[in-house]
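Comments concern the structure below.
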Amino acid sequence: MSAFMPADLSPKAAEIVAHTRALLMAGGYNSFSYADLAERVRITKASIHHHFPSKAALVQTVVALYREEAQTGLTALEQQFDDPLSELNAYADYWASCIRGGEHPFCICAMLATELPTIPEEVAAEVRAHFQYLNTWLASVLKRGAAAGQFHLLNSPAVSARAFMAVVHGAMLMARALDDPKIFASIVQPAILKLTQPS
């Protein structure tokens, strides 16, 4: 699930997107302005408007690219492992590695989800779509794992997927709040273990 940029973005637009993504990860939608972005990219605000007419359009583009990247990464996990428990562990390991490395320590959609009441609808729609896709993917992993006897679910795969998503994003938040990357795995790994144990 590494960062990539589509070919139709100019180099300068791609640079704007990359800086916007970093700003979103650090503080969310309402934490920065085009003035902040212009200073980082070393161009004028008018130049940013040339590439992205509004902040909403810019952030919508960033989140759409993030969603595409995440979907590609999750599909790759399924193709690489074809084993539900390994897929779930690889998904958790991806985030543990991101948090340890510090470059991508937080899901931008999780950050934006906290701002849903105040962000533009076109951005909110992308955020909701990300979580819907992630929930569908996790439910598929859990359903296949339950059928194979790897997982023992207390609820439906969809409900169990939501609960696991909450654990993962809560663990991200705790790792950030306590400034300790190791906290993430210490919360998520027991949750995976619990899924594998008969009730």
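Whole angstrom only: what separates the Cα centroid of the range 126-176 from the Cα centroid of the range 1-76?
Result: 27 Å between the Cα centres.
Can you find, among 148, 94, 134, the residue sitting farthest towards the positive end of the charge dipole of the range 62-196, where Lys and Arg contribute +1 and Asp and Glu -1 at Cβ?
148
Gain in length, residue 54 to residue 122, computed as 0.36 nm per residue apart minus the alpha-carbon separation, to one decimal in nm?
Additional length available on full extension: 23.3 nm.
Give a residue-ordered list of calculated ³J(HN,Hα) values for the range 148-165 (Karplus: 6.51 cos²θ - 1.76 cosθ + 1.60, θ = phi - 60°; whole Hz; x for Gly, Pro).
8, x, 7, 10, 10, 8, 7, 10, 4, x, 5, 5, 4, 5, 5, 5, 5, 4
Measure nothing fancy, just the Cα-based angle from helix 84-101's long axis to the longest principal axis of the chain, in degrees from 0 to 90, nearest 10.
40
For residue 12, go through the lysines and keep the ones whose alpha-carbon is under 30 Å away, minus same-chain ones fewer than eight residues off.
Residue 12 reaches 45, 55.
So what are the ³J(HN,Hα) numbers for the range 60-77, from phi and the Karplus equation (6.51, -1.76, 1.60; θ = phi - 60°), rounded to whole Hz, Gly and Pro as x?
Result, ordered by residue: 4, 4, 4, 5, 4, 5, 4, 4, 4, 4, 5, 5, 4, x, 5, 4, 5, 4 Hz.
Using amide H atoms built in the peptide plane, which far-off residues or other-chain residues are under 5 Å from residue 151 H to H?
Those qualifying (amide H under 5 Å, at least 5 residues apart or on another chain) are 146.
Report, ordered by chain and residue number, the aspartates and glutamates lying within cross-link reach of residue 182, taken as a straight Cα distance under 16 Å and ignoring same-chain residues fewer than 8 apart.
Partners within reach: 93, 103.
Nothing charged except the Cβ atoms of Lys and Arg (+1) and of Asp and Glu (-1): what's the magnitude of the dipole of the range 62-196 about its Cα centre? Round to the nearest 20 debye.
On the way: 9 positive and 14 negative charges, 102 e Å.
Its charge dipole is roughly 480 debye.
As a check on your grasp of the helix formula, calculate [θ] at 222 nm for the chain: sum -39500 (n - 2.57) over DSSP H runs of n ≥ 4, divide by the residue count, round to the nearest 500.
Only helices count here, giving -24500 deg cm²/dmol.
Per-residue HN-Hα couplings for the range 43-58, Karplus 6.51 cos²θ - 1.76 cosθ + 1.60 at θ = phi - 60°, whole Hz, x for Gly and Pro?
9, 7, 4, 4, 5, 5, 4, 4, 7, 9, x, 9, 4, 4, 5, 5
How far, in degrees from 0 to 90, does helix 121-147 lean away from the longest principal axis of the Cα atoms of the chain, to the nearest 10?
The helix 121-147 is inclined about 20 degrees to the chain.
Every read-out reported here was derived from the displayed coordinates using simple, explicitly stated rules and does not represent laboratory data. Just so it is clear, the model here is predicted, and its values are computed rather than measured. Note that each Cβ is placed from the backbone with ideal geometry, even for glycine, and that neighbours are counted across all protein chains shown.
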